[in-house]
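Below: one structure, written as structure tokens.
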Amino acid sequence: MIYSRIEGTGRYLPSKVMTNFDLEKIVDTSDEWIRTRTGVERRHIAADDQATSDIGFEAAKEAIKNAGIDKEDIDLIVVGTTTPDYVFPNVGTLIQDRLGIHGCPAFSVEAACSGFVYALSVADKFIKTGGAKCALVIGAEVMTRLIDWGDRNTCVLFGDGAGAVILKPSSEAGILDCNLGADGKYKDLLLYPAGPSKNFHKMGTGEIGLEMSGNDVFRVAVKTLGNVAEEALIANNIDKQELDWLVPHQANLRIIQATAKRLDLPIEKVILTVQDHGNTSSASIPMALDVGIRDGRIQRGQLILMEAFGGGFTWGTVLMRY
Ligand code: COA
């Protein structure tokens with residue numbers, strides 16, 4: 001049996017930090033409200049001249065270094081992102097060019113905050129079927145470009161960043177299972193209502209911004225994530241007690257706490273970055289994974305569940321041994 005296994009991880013956060021106190025000066029909000037409702041204390045904001053490929057490239061360099069591989073070995077690049085530099089070329093090709101490597105397939109997967117889990121699942125299939133021997137998988141976002149900075153309901157939630165992993169085949173587990181899902185009936189609950197083929201003229205004008213029915217998103221996210229997390233363990237005959245770490249999408253501390261509770265997992269077994277990063281969409285899981293690995297909490301051989309939920313709605317889980 002061939003598994004795909006994470007050989008190395010990396011992350012990059014833009015240097016500019018915006019605290020809740022900074023936001024108090026922009027909209028009618030308070031540090032106390034943001035912290036108690038979301039868990040967010042600060043977030044990083046990309047510089048005006050930093051695009052998704054720029055921050056994704058930085059995370060990729062770290063992952064390559066930490067995996068100890070030669071960049072020339074990379075034979076697949078998959079990027080989860082909802083905030084690409086351009087309509088085309090895709091962010092994967094832009095990062096490929098920045099890395100100075102040529103020829104391997106490179107593409108982006110667009111699944112909102114589930115983007116990394118979707119991208120990792122795609123790369124896992126390539127590796128398991130022999131279609132790739134060394135995949136670079138990235139989650140990178142500049143979510144703050146989609147924000148209406150006058151809307152206190154949404155502007156307090158998001159941040160920018162990028163995370164990356166190097167995936168290689170191994171006879172030792174490895175990714176055990178990936179499960180993806182989506183339900184487009186929820187399309188109106190969380191969206192940025194413009195793109196190249198609809199409302200194009202409104203993009204970037206400040207006329208529109210990210211729209212969200214916060215309460216509804218919260219309710220469906222808690223229910224769906226609890227269900228898919230439990231289903232992932234049941235499908236793989238794994239008892240809740242066996243799980244070493246939950247590495248969740250970092251949208252809201254209360255959503256994360258609810259999922260941890262469904263899994264009977266103490267919060268100490270959850271990698272939390274939401275307080276420092278905010279919701280970085282596709283980037284949140286690979287960055288949290290990198291934080292847990294770098295600070296020594298996540299050890300080789302441990303059992304990890306990653307789970308994500310995002311606009312669409314889309315969702316997904318990845319169960320793996322690190
Ligand atoms: N500061 C202060 N007050 C705010 C505020 C802010 N930043 N944002 C909203 N409020 C106000 C609302 O206007 C409302 O006031 P009102 O009662 O006078 O109308 C009040 O706070 C309560 O709003 P409500 O939306 O009910 O709060 P909530 O407890 O549901 O928390 C969210 C709001 C957004 C934090 C919560 O719904 C949430 O986290 N949802 C999921 C969001 C998410 O994770 N999205 C991404 C998924 S990938």
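Please specify each residue of region 30-52 satisfying the condition of being farther than 18 Å from A251 by Cα and open to solvent by 30 Å² or more (accessible area, probe 1.4 Å). Walk me through how you get there before you give the answer.
Step one: of region 30-52, the residues farther than 18 Å from A251 by Cα are 30, 46-52.
Those that are farther than 18 Å from A251 by Cα and open to solvent by 30 Å² or more (accessible area, probe 1.4 Å): S30, A47, D48, D49, Q50.
For region 177-196, the candidate set comprises residues that are touching a strand residue (DSSP E or B) at 6+ places or on another chain (Cβ under 7 Å) and not in a loop (DSSP other than H, G, I, E, B); within that set, the residue that is farthest from C113 (Cα to Cα) is D177. Here T273, T317 are screened, and the one residue that is closer than 20 Å to V122 by Cβ and open to solvent by less than 10 Å² (accessible area, probe 1.4 Å) is T317. Within region 238-258, restricting attention to residues that are within 13 Å of T273 (Cα to Cα) and open to solvent by less than 20 Å² (accessible area, probe 1.4 Å), which residue is nearest to the ligand (Cβ to nearest atom)? Within region 238-258, the match that is nearest to the ligand (Cβ to nearest atom) is N252. Taken over region 204-227, the criterion of being assigned to a helix (DSSP H, G or I) and either under 25 Å from G150 (Cα atoms) or within 14 Å of the ligand (Cβ to nearest atom) (or both) is satisfied by G214, N215, D216, V217, F218, R219, V220, A221, V222, K223, T224, L225. Can you name the number of the only condition in (1) open to solvent by 50 Å² or more (accessible area, probe 1.4 Å); (2) in contact with a helix residue (DSSP H, G or I) (Cβ under 6 Å, 6 or more places away or on another chain); (3) outside any strand (DSSP E or B); (4) more than 16 Å from the ligand (Cβ to nearest atom) that N66 fails? Just one mismatch for N66, condition (2).
Going by the structure shown, is E207 under 26 Å from I127 (Cα atoms) and either among the aromatic types (F, W, Y) or exposed (fewer than 13 other Cβ atoms within 10 Å of the Cβ) (or both)? Explain how you work it out, then say what you get.
Numbers: under 26 Å from I127 (Cα atoms): no; either among the aromatic types (F, W, Y) or exposed (fewer than 13 other Cβ atoms within 10 Å of the Cβ) (or both): yes.
Here the answer is no, as E207 does not meet what is asked.
Could you please let me know if G150 is assigned to a helix (DSSP H, G or I), within 16 Å of the ligand (Cβ to nearest atom) and either surrounded by 14 or more Cβ atoms within 10 Å (Cβ to Cβ) or not charged (D, E, K, R) (or both)? Walk me through it before giving the result.
Values: assigned to a helix (DSSP H, G or I): no; within 16 Å of the ligand (Cβ to nearest atom): yes; either surrounded by 14 or more Cβ atoms within 10 Å (Cβ to Cβ) or not charged (D, E, K, R) (or both): yes.
When the stated conditions are applied, G150 does not pass them.
The values are calculated or read from the model by the stated rules, or taken from the named source; none is laboratory data. Nothing here was measured: the structure is a model prediction, and the numbers come from that model. With ideal geometry, Cβ positions are generated from the backbone for all residues, glycine too; neighbour counts draw on all protein chains shown. Note: areas computed on protein heavy atoms with side chains; ligands, DNA, RNA excluded. Shrake-Rupley method; radii C 1.70, N 1.55, O 1.52, S 1.80 Å.
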